[in-house]
Amino acid sequence: MENPGDTQMKLVAGPGDYVLEDVPHFTDYLPDLSSYPNPLQDNPAFSVVKQYFVNADDTVTQKIVVHKDGPRGVHFRRAGPRQRVYFESDEVHACIVTCGGLCPGLNTVIREIVCGLYHMYGVRKIVGIDGGYRGFYAKNTITLTPKFVNDIHKRGGTILGTSRGGHEKSKIVDSIQDRGINQVYIIGGDGTQRGASVIFEEIRRRGLKVAVAGIPKTIDNDIPVIDKSFGFDTAVEEAQRAINAAHVEATSIENGIGLVKLMGRYSGFIGMYATLASPEGAGQDLLSESLHSMDQQDASGNKLLQDVGCGSLTG
Ligand SMILES: Nc1ncnc2c1ncn2[C@@H]1O[C@H](COP(=O)(O)OP(=O)(O)OP(=O)(O)O)[C@@H](O)[C@H]1O
Ligand SMILES: O=P(O)(O)OC[C@H]1O[C@](O)(CO)[C@@H](O)[C@@H]1O
């Protein structure tokens with residue numbers, strides 16, 4: 001993923017050159033907002049676990065290794081359930097949207113959001129946005145319940161549909177406002193998260209109590225700080241099947257060469273991991289990525305790259 005941040009970064013400095021790259025909070029622009037005890041407190045499955053809630057001041061360090069005399073460096077806000085929340089369960093009207101390219105696991109993420117909101121937080125009003133950002137203003141919503149999402153993790157793709165382009169800030173926020181939506185879960189890559197930032201800025205400008213949560217999606221595993229992005233393992237597994245098949249073909253004829261084209265756009269993790277993990281081991285090479293642009297863009301403004309990109313050569 002490239003840098004998703006188009007909004008101004010919220011930096012908080014602390015002693016020892018500690019820097020917190022914070023996320024915006026409701027209370028930045030709605031200072032008098034009421035808070036409520038987290039409903040998980042009354043749920044026997046969670047309330048018995050000591051220290052279940054994340055301390056509001058907990059942060060996660062960007063670099064694990066620091067020198068004892070060096071600066072403490074950049075930190076990020078730690079995710080997780082807080083002791084107090086800013087919505088009452090029956091007040092929540094949540095929506096989920098998926099944008100950009102496909103990635104294994106999208107339906108699992110949708111299912112977990114729906115079931116988590118419903119069973120853990122007692123939320124009853126959850127809708128899906130049909131077909132990416134343009135679905136906010138061009139399509140009807142899809143009602144989401146635990147029953148509806150029960151088996152979706154066994155299917156590929158995204159049950160909500162996805163698209164590139166179509167990000168029209170005012171129309172999207174008008175739709176959020178008109179439908180009375182107050183929690184927006186946005187699943188997508190770097191472009192999607194840039195779009196989420198723009199939506200949040202408009203929500204803040206209008207002074208709305210609407211939470212925007214960005215859930216990073218990249219099959220390419222190109223997010224720093226986290227170990228692995230969802231869908232990456234599946235992509236590597238599937239890539240090995242193609243490599244193995246190409247290997248059989250290539251070794252069956254004289255001077256045979258198998259060429260496997262893998263995903264990755266600007267990063268070669270899938271190609272590298274699939275090549276390293278393939279059982280036949282020796283005899284494989286990674287071809288360098290072809291970054292020559294064809295001077296054309298897709299609907300989201302991404303440069304179209306030449307067709308043959310990062311690959312694994314087997315034979
Ligand atoms: N700078 C931006 N401002 C507003 N919206 C954007 C911006 N960049 C991209 N978007 C919107 O985000 C959505 C997804 O973008 P894009 O097609 O680039 O996929 P992505 O999220 O980067 O995922 P992938 O990594 O699969 O390409 C599109 O609807 C696009 O219009
Ligand atoms: O939809 P397109 O243009 O084929 O884009 C596919 C590219 O998007 C990604 O899915 C995400 O960056 C890459 O892995 C892949 O190479």
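Hey, can you tell me all the residues within segment 39-49 that are open to solvent by less than 80 Å² (accessible area, probe 1.4 Å) and either free of Cβ contacts under 8 Å to residues at least 60 places away in the same chain or outside any loop (DSSP other than H, G, I, E, B) (or both)?
Result: 39, 40, 41, 45, 46, 47, 49.
Taking the stated definitions as given, is residue 266 of a type in the set (Ser, Thr, Tyr) and surrounded by fewer than 17 Cβ atoms within 10 Å (Cβ to Cβ)? Steps first, answer last, please.
Details: of a type in the set (Ser, Thr, Tyr): yes; surrounded by fewer than 17 Cβ atoms within 10 Å (Cβ to Cβ): yes.
Answer is yes for this residue.
With open to solvent by 40 Å² or more (accessible area, probe 1.4 Å) and either more than 23 Å from the chain's Cα centre (by Cα) or over 16 Å from residue 211 (Cβ atoms) (or both) as the only criterion, which of 30, 20, 11 stands out?
Working: 30 fails: open to solvent by 40 Å² or more (accessible area, probe 1.4 Å); 20 fails: open to solvent by 40 Å² or more (accessible area, probe 1.4 Å).
Only one candidate qualifies: 11.
Could you tell me whether any residue of segment 139-161 is out of contact with any Leu (no Cβ under 6 Å at 6 or more places or on another chain) and near ligand 1 (Cβ under 9 Å from one of its atoms)? Before the answer, list the steps.
We begin by selecting, within segment 139-161, every residue out of contact with any Leu (no Cβ under 6 Å at 6 or more places or on another chain); these are 139-156, 159-161.
Pick out the ones that are also near ligand 1 (Cβ under 9 Å from one of its atoms) and you get none.
Checking segment 139-161: not a single residue is out of contact with any Leu (no Cβ under 6 Å at 6 or more places or on another chain) and near ligand 1 (Cβ under 9 Å from one of its atoms).
Hey, among the residues in segment 89-117 that are surrounded by fewer than 19 Cβ atoms within 10 Å (Cβ to Cβ) and of a type in the set (Ser, Thr, Tyr), which one's nearest to residue 181 (Cα to Cα)?
Applying the filter and picking the extreme gives 89.
Quick check on segment 50-76: of everything there that is touching a residue at least 24 places away in the same chain (Cβ under 8 Å) and polar (S, T, N, Q), which residue is nearest to residue 39 (Cα to Cα)?
59
Can you spot a residue in segment 61-84 that is assigned to a strand (DSSP E or B), of a type outside the set (Asp, Glu) and touching a Pro at 6+ places or on another chain (Cβ under 8 Å)?
Step one: filter segment 61-84 for residues assigned to a strand (DSSP E or B), giving 61, 73-77, 84.
The next check asks that each one be of a type outside the set (Asp, Glu); those that pass are 61, 73-77, 84.
Still in the list and also touching a Pro at 6+ places or on another chain (Cβ under 8 Å): 84.
Scanning segment 61-84 turns up at least one residue that is assigned to a strand (DSSP E or B), of a type outside the set (Asp, Glu) and touching a Pro at 6+ places or on another chain (Cβ under 8 Å).
Are any residues in segment 147-189 open to solvent by 50 Å² or more (accessible area, probe 1.4 Å) and touching a Lys or Arg at 6+ places or on another chain (Cβ under 6 Å), and if so, which ones?
Hit for segment 147-189 is 153, nothing else.
Evaluate the following for residue 192: is it within 16 Å of ligand 2 (Cβ to nearest atom), surrounded by fewer than 19 Cβ atoms within 10 Å (Cβ to Cβ), in contact (Cβ under 8 Å) with a residue 24 or more places away in the chain and assigned to a helix (DSSP H, G or I)? Steps first, please.
Working: within 16 Å of ligand 2 (Cβ to nearest atom): yes; surrounded by fewer than 19 Cβ atoms within 10 Å (Cβ to Cβ): no; in contact (Cβ under 8 Å) with a residue 24 or more places away in the chain: yes; assigned to a helix (DSSP H, G or I): yes.
No: the conditions fail for residue 192.
Sort out which residues of segment 76-88 are surrounded by 16 or more Cβ atoms within 10 Å (Cβ to Cβ) and at pLDDT 95 or above, and write them in order of number.
Selection gives 85, 86, 87.
Pick out the one residue from 126, 159 that is of a type outside the set (S, T, N, Q), in contact (Cβ under 8 Å) with a residue 12 or more places away in the chain, on the phi < 0 side of the Ramachandran plot and not in a loop (DSSP other than H, G, I, E, B).
Details: 159 fails: not in a loop (DSSP other than H, G, I, E, B).
Exactly one residue qualifies, and that residue is 126.
The values are calculated or read from the model by the stated rules, or taken from the named source; none is laboratory data. Every value quoted in this text rests on a predicted model; they were computed, and no experiment measured them. Counting neighbours? That spans all protein chains shown, and the Cβs are built from the backbone with ideal geometry, glycine included. Note: areas computed on protein heavy atoms with side chains; ligands, DNA, RNA excluded. Shrake-Rupley method; radii C 1.70, N 1.55, O 1.52, S 1.80 Å.
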